Amino acid sequence: MAVSKTPYWSTREIVLIGTMGAVMGVLYWGFSQAYNVYSDALGKVGSQFAYGLWFIGGILIPYILRKPWAAFLGEAVAASVSMLLGTTWGVDTAVSGILQGLGSEAAFALGRYRRYGAGTMMLAGMIPGIPAFAHDYLVYGYAEYQPAINIGMFLILLVSGALMGGLLSKAIGDALARTGTLDNYPIGRERRKGV
């Protein structure tokens, strides 16, 4: 389906970004609480398996809206709400969200906001892993780790982004569309046409 030609954001779209972004922000906050537990058990490399969960706001929302800047806005809202609720990483949570949102935005832009199949969704989950890992490397002292550990962490992050960020977002979006609650959005209109 082609990208929306509407040059502005409708009230309905703004409400969806705000509402879903806030819900994702609460979930991100919950993920951060769980991270504090499982990262100790799994170590730095193993803890990367769930990283893609933090990309969902920047993937699910544009999957529904099919509009430029939806990925960036969705992830920025989600990260900001998570930060305001209080995460281990403080203000850096919002910084990370902005970088990750730009990464997902780039994936949808590569498809000219017209492709929303599994491949594009996986790419939208993988690309934010690049700035996310670069940021974490610089801010959280990854330079102290052996190169093999960094490579392992990066590769697992990419896989997590593709599966937990990209494919999980697609599955959630498709499930919501089947309920009919998204009939007034591009994902719902596409489903009704049987595209």
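The rows are residues; the columns are (1) under 30 Å from Val23 (Cβ atoms); (2) loosely packed, with under 12 Cβ neighbours inside 10 Å; (3) hydrophobic (A, V, I, L, M, F, W, C).
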{"site": "Glu144", "(1), (2), (3)": "no, yes, no"}
{"site": "Ile149", "(1), (2), (3)": "no, no, yes"}
{"site": "Met153", "(1), (2), (3)": "yes, no, yes"}
{"site": "Val159", "(1), (2), (3)": "yes, no, yes"}
{"site": "Met164", "(1), (2), (3)": "yes, no, yes"}
{"site": "Ala171", "(1), (2), (3)": "yes, no, yes"}
{"site": "Asp174", "(1), (2), (3)": "yes, no, no"}
{"site": "Arg178", "(1), (2), (3)": "yes, yes, no"}
{"site": "Asp183", "(1), (2), (3)": "yes, no, no"}
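Go through region 82-179 and tell me which helices (runs of 4 or more DSSP H), entirely inside it, have 2 or more residues that are among the aliphatic types (A, V, I, L, M) and within 16 Å of Gly46 (Cα to Cα).
Per the criteria, 147-160.
Name the residue, out of Pro7, Pro68, Pro62, that is in a loop (DSSP other than H, G, I, E, B) and at pLDDT 90 or above.
Pro68 is the lone residue from the list that is in a loop (DSSP other than H, G, I, E, B) and at pLDDT 90 or above.
Report, by residue number, each residue of region 180-195 that is assigned to a loop (DSSP other than H, G, I, E, B) and in contact with a helix residue (DSSP H, G or I) (Cβ under 6 Å, 6 or more places away or on another chain).
Leu182, Tyr185
Do the conditions hold for Ser80, that is, is it under 13 Å from Ile56 (Cβ atoms) and either crowded, with 24+ Cβ neighbours inside 10 Å or among the hydroxyl-bearing types (Ser, Thr, Tyr) (or both)?
no
Spot the failing condition for Arg114; the list is (1) of a type outside the set (A, V, I, L, M, F, W, C); (2) crowded, with 21+ Cβ neighbours inside 10 Å; (3) touching a Lys or Arg at 6+ places or on another chain (Cβ under 9 Å), and only one is missed.
Arg114 satisfies all of (1) of a type outside the set (A, V, I, L, M, F, W, C); (2) crowded, with 21+ Cβ neighbours inside 10 Å; (3) touching a Lys or Arg at 6+ places or on another chain (Cβ under 9 Å) except (2).
Which numbered condition in (1) surrounded by 15 or more Cβ atoms within 10 Å (Cβ to Cβ); (2) without any contact (Cβ under 8 Å) to a residue 24 or more places away in the chain is the only one that Leu102 fails?
The single condition Leu102 does not satisfy is (2).
The values are calculated or read from the model by the stated rules, or taken from the named source; none is laboratory data. This structure is a prediction, so every number in the text was calculated from the model and none was measured. Heads up, the Cβs are rebuilt from the backbone with ideal geometry, glycines too, and the neighbour counts pull from every protein chain shown.
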